[in-house]
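*Asks:* Once you've had a glance at the structure underneath, I'll fire off some questions.
The values are calculated or read from the model by the stated rules, or taken from the named source; none is laboratory data. As the structure is a prediction and not an experimental result, all values here were calculated from the model. In this analysis, Cβ positions are derived from the backbone assuming ideal geometry, glycine residues included, and neighbour counts consider all displayed protein chains. SASA here: full protein model, heavy atoms, side chains in, ligands and nucleic acids out. Shrake-Rupley method; radii C 1.70, N 1.55, O 1.52, S 1.80 Å.
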Amino acid sequence: MTQTVIDFVPIWMLILGFGVFYYVLFDGFDLGVGILYGFAPGLEARNLVMNSIAPIWDGNETWLVLGGVGLFAAFPLAFAIIIPAVYFPILVMLLALVFRGVAFEFRYRDVAHMTFWDHAFCYGSAIATFAQGIVLGAFIQGFEVDGRQFSGGSLDCFTPFSIFTGVALLFGYGLLGAGWLVLKTQGALQDWARRHGRWCFIGVIVAIAVVSVWTPLMRAEIARRWFTWPNIAFLSPVPILTLLLAYWEWRSLNNRSEVAPFIGGMCLFLLAYIGIAISLWPMIVPYRFTLWEAASSPSTQAFLLVGTLFLLPIILMYTGWSYWVFRGKVRAELGYH
Amino acid sequence: MSLDPVLLSRLQFVWVIAWHILLPAFTVGSASYIAVLEGLSLVTGREIYFRLSSFWIRIFAVSFGMGVVSGIVMPFQFGTNWSRFSDATANVISPLLAYEGLTAFFLESAFLGVLLFGRKLVPRWAHFIAALMVAAGTLLSSFWILATNSWMQTPVGYEILDGRFFPKDWTQIVFNPSFPYRLAHTVVAFYVTTGFVVLGVAAYYLRRRRFLEEGRLMVSMTLWLLTILVPGQILLGDLHGLNTLEYQPAKLAAIEAHWQTGSRVPLILFAIPDEARATNRDVLEIPVLGSLVLTHDPNGTVRGLKDWPADQWPPVAIPFFAFRVMVGIGLLMLALIAASWWLRLHDRLFAAGWFLRCCELASPLGFIAVLAGWVTTEVGRQPWTVYGLMRTAASVSPSLTGADVLASFIGYGVVYLVMFSAGLFFMARLVRQGPAETGEGEAPIESGRPDRPVRALPSEAEPEVESGRAS
């Protein structure tokens, strides 16, 4: 093969890492809003809750395609091993997202069956989230690999740990969704969002604590990564920051701040994301293949990088603008007639 | 009976892609049609183009939404069910697919919102530009997807190391031998499909004496377009066939059910191919015409399937019949257009009830032809995923059992039936409502799917968005 001057792997790691995190945060909060939708008191509240994400949810979901195709393009070996290993969670997630997506459209065109589409929206959001949590848990646990292929069974991904991360993600996305609703609503509905946000927050903190204990017990390499000298000193800011943030988030859910719960939730996700990255680095197929081993050929990565570096900033600027235009509280009179 | 994960994975892929392909078959054509209407409205200033454009934009929005949702499923199929194929070919095909995703995403976020909801918010020329860009975007998506598909049919520009494909020349990979023909043939097929939908809708109005002006304009415009495209499509199909003869002769032999190599071969109009005995039953054929059509020379040699080992034969009956369905529909379309010219010259185009009825019945023909053509080319590619190099049986994810795939297949089956029937129902309702009602300004935004920021710019329709911040 040809010798290349530039190593594209770190660039693609950053792009893909950013893309996946963007998806988790942004589709995370609108899936979370969908989960909370099921608990919303009354029709008017439900309309408001759905309105708050109506203009932006589809843009958020498109990042799932970019994430999937990006993994396929930049780290195809990881794609070829991980995706079949989580065959059923992926299937369930896709079908749930289909239902949830069309529920947005059809709820207003098909008033006769509004309750059906309401359920499709809420359960679709919850099931998709749970399935993503299972993918996360299975990913952290690692996969049975033979050569360049997944060699386990399609049900291997369902373990106590992955079920736990599935439930944990329900609380996590719920917290993001509640933060978003605090930002976008006011009055009684905002109080309702804060109340549910507090429950989700407790779930998230328990989940972070349990995963932080469970993973080093499960994999010796993770314990070594965190608890050997000098790593323990370098990495200690991660848990310390998490604790400080948790305190701040709890306070902001209880006082009158409007933006802080959403920001705090996102920062908690960032720290958890960094924590998982530290545990697994430099693996992309955990405990088997590194980023470099799973990377596509330099020619492939270069060919795609040209267009990505051009298109991605434009997409991001436009997305930012669309959030700016839709800033402010949602109101009952808006939309949906 | 044991469940075969390869067969079930193929059936599942057929199911999800067959539904999905129906949407681009309509959105590619209608996006261009909308751009033309917008352009005409801008240049002539005539109100009717504006009404028609607004009407088709609404239908376009529903179909585009369904296309996006069913499209999200597609890239994951490569991973879940075809992981060996993904591992082997990713270095070559993954950037093509990724470019499709980036382009589609880029256009969706940037221009679709302006097209769907920006009528009152941007100047008319900007709305026209948005329509042009969306049309260009659907064509670019087709470009990348068909480049990928064509490379699987006629792979070039690669080298094989350790059983995996590596790129050597990106120009060759993208512009591989079958790509130009496939792209032209497919895009024209999408245009023709949309043309017959528009024609059918217009005929529906004319027969019920509603929206007469709109109906007449749509019938006349569309028939002009189809007069050029349908014969052109038959010509393109012939060229594509010559290309297949050169690069995928076994596929062509299956399409024509030719078992023996020979010159002056007949053109088989109908037969029952018998794959076990490698012969045809109940044959209806025209002597020598086969060589003439396929090689453009009465003495031309056409290779038969027996030139290849039987384990490299594609299924014969499926491409053979699917091809005849496609060609038959092409000829039906041609007949309808010839009839339209006879009526037009006798000034009876909008008066002949039987003709309008035929146009109504013909509206799904394009979709059937697209599916038949796609079955012909994809089943004809078998038993390979990468033609001549990688077998379908060696492409499937090794971890899957038959029961796994059966379960997922049922899941996709149920969900797609619900989703597509609901979508079809809503589109039919939009058609019944007709252009006048939908033409009145921008309908209230009913959902978030294609909903885009422009709608929140200060406007009489939605002033609350901006004002809510103070409270």
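*Asks:* From the list B:Tyr205, B:Tyr181, which one is touching a residue at least 12 places away in the same chain (Cβ under 8 Å), closer than 22 Å to B:Trp374 by Cβ and not assigned by TED's automatic domain parsing to the domain that holds B:Ser263?
*Replies:* Matching residue, one of B:Tyr205, B:Tyr181: B:Tyr181.
*Asks:* Quick one: B:Arg208 ticks every box in (1) over 23 Å from B:Gly328 (Cα atoms); (2) of a type outside the set (Ser, Thr, Tyr); (3) open to solvent by less than 30 Å² (accessible area, probe 1.4 Å) bar one, so which box is it?
*Replies:* (3)
*Asks:* Before we move on, is A:Leu97 within 9 Å of chain B (Cβ to nearest Cβ), open to solvent by less than 10 Å² (accessible area, probe 1.4 Å) and not charged (D, E, K, R)?
*Replies:* The answer is yes for A:Leu97.
*Asks:* Ok, one more. Looking at the structure I just gave you, is A:Glu293 open to solvent by 50 Å² or more (accessible area, probe 1.4 Å), within 14 Å of chain B (Cβ to nearest Cβ) and either free of Cβ contacts under 8 Å to residues at least 60 places away in the same chain or touching a strand residue (DSSP E or B) at 6+ places or on another chain (Cβ under 9 Å) (or both)?
*Replies:* It is true that A:Glu293 is open to solvent by 50 Å² or more (accessible area, probe 1.4 Å), within 14 Å of chain B (Cβ to nearest Cβ) and either free of Cβ contacts under 8 Å to residues at least 60 places away in the same chain or touching a strand residue (DSSP E or B) at 6+ places or on another chain (Cβ under 9 Å) (or both).
*Asks:* If you don't mind, another one. Would you check which residues across segment A:100-120 are of a type in the set (Val, Ile, Thr) and more than 9 Å from chain B (Cβ to nearest Cβ) and list them?
*Replies:* Of everything in segment A:100-120, those that are of a type in the set (Val, Ile, Thr) and more than 9 Å from chain B (Cβ to nearest Cβ) turn out to be A:Val111, A:Thr115.
*Asks:* Find all pairs meeting these conditions: Cβ atoms under 7 angstrom apart; at least six residues apart or on different chains; first residue within segment B:122-144 and under 30 Å from B:Tyr181 (Cβ atoms) and modelled with pLDDT of 85 or more; second residue among the acidic types (Asp, Glu) and surrounded by 21 or more Cβ atoms within 10 Å (Cβ to Cβ).
*Replies:* B:Ala131/B:Glu38; B:Ser141/B:Glu100; B:Trp144/B:Glu100
*Asks:* Which residues, counting only those in segment B:77-95, are open to solvent by 10 Å² or more (accessible area, probe 1.4 Å) and of a type outside the set (Phe, Trp, Tyr)?
*Replies:* B:Arg84, B:Asp87
*Asks:* Of the residues A:Gly70, A:Gly32, A:Gly28, which is more than 21 Å from A:Cys267 (Cβ to Cβ) and either in contact (Cβ under 8 Å) with a residue 60 or more places away in the chain or within 14 Å of chain B (Cβ to nearest Cβ) (or both)?
*Replies:* None of the others qualify; the one that does is A:Gly70.
*Asks:* Restricted to segment B:285-311, and to residues that are within 11 Å of B:Ala254 (Cα to Cα) and not charged (D, E, K, R), which residue is surrounded by the fewest Cβ atoms within 10 Å (Cβ to Cβ)?
*Replies:* Top of the filtered list is B:Gly304.
*Asks:* Also, quick follow-up: Are there any pairs, at least 6 apart or on different chains, whose C-beta atoms fall under 7 Å, with the first in segment A:243-267 and at negative phi and in a helix (DSSP H, G or I) and the second surrounded by 12 or more Cβ atoms within 10 Å (Cβ to Cβ) and charged (D, E, K, R), and if so, which?
*Replies:* A:Leu253/A:Arg194; A:Leu253/A:Arg198; A:Pro261/A:Glu249; A:Gly264/A:Glu249; A:Gly265/A:Glu249
*Asks:* Going by the structure shown, is A:Phe234 on the phi < 0 side of the Ramachandran plot, aromatic (Phe, Trp, Tyr) and either open to solvent by 60 Å² or more (accessible area, probe 1.4 Å) or in a strand (DSSP E or B) (or both)?
*Replies:* yes
*Asks:* Same structure, new question: Name the helices (runs of 4 or more DSSP H) wholly within segment A:1-90 that hold at least 1 residues that are over 27 Å from A:Thr159 (Cα atoms) and among the basic types (Lys, Arg)?
*Replies:* A:42-53
*Asks:* Another one. Whether any residue in segment A:275-283 is assigned to a helix (DSSP H, G or I), touching a strand residue (DSSP E or B) at 6+ places or on another chain (Cβ under 8 Å) and crowded, with 20+ Cβ neighbours inside 10 Å is what I want to check.
*Replies:* no
*Asks:* Looking at (1) touching a residue at least 24 places away in the same chain (Cβ under 8 Å); (2) within 27 Å of B:Ser63 (Cβ to Cβ), which one does B:Val414 not meet, given that it meets all the others?
*Replies:* Against the list (1) touching a residue at least 24 places away in the same chain (Cβ under 8 Å); (2) within 27 Å of B:Ser63 (Cβ to Cβ), B:Val414 comes up short only on (1).
*Asks:* Next question, about the same structure. Using the structure shown, decide if A:Gly197 is over 27 Å from B:Val73 (Cβ atoms) and open to solvent by 20 Å² or more (accessible area, probe 1.4 Å).
*Replies:* no
*Asks:* Of all residues in segment B:69-98 being facing chain A (nearest Cβ under 7 Å) and within 22 Å of A:Phe106 (Cβ to Cβ), which is modelled with the highest pLDDT?
*Replies:* Step by step, filter segment B:69-98, then rank; the result is B:Val73.
*Asks:* Which residues, counting only those in segment A:121-142, are open to solvent by 60 Å² or more (accessible area, probe 1.4 Å) and either within 13 Å of chain B (Cβ to nearest Cβ) or over 16 Å from A:Ala168 (Cα atoms) (or both)?
*Replies:* The answer is A:Tyr123, A:Ile127.
*Asks:* How many of the residues making up segment A:54-67 are within 8 Å of chain B (Cβ to nearest Cβ) and modelled with pLDDT of 85 or more?
*Replies:* Number satisfying all stated conditions: 3.
*Asks:* Give all pairs with beta carbons closer than 8 Å in which a residue from segment B:284-297 that is closer than 15 Å to B:Phe270 by Cβ and in the same structural domain as B:Gly237 (by TED's automatic domain parsing) meets a residue that is aliphatic (A, V, I, L, M) and open to solvent by 50 Å² or more (accessible area, probe 1.4 Å); count only pairs at least 6 apart in sequence or on separate chains.
*Replies:* B:Leu284/B:Leu269; B:Glu285/B:Leu269; B:Ile286/B:Leu269
*Asks:* Let me ask you something else. I'm told A:Ile82 meets every condition in (1) more than 23 Å from A:Phe269 (Cβ to Cβ); (2) of a type in the set (A, V, I, L, M); (3) facing chain B (nearest Cβ under 10 Å) except one. Can you identify the failing condition by its number?
*Replies:* (1)
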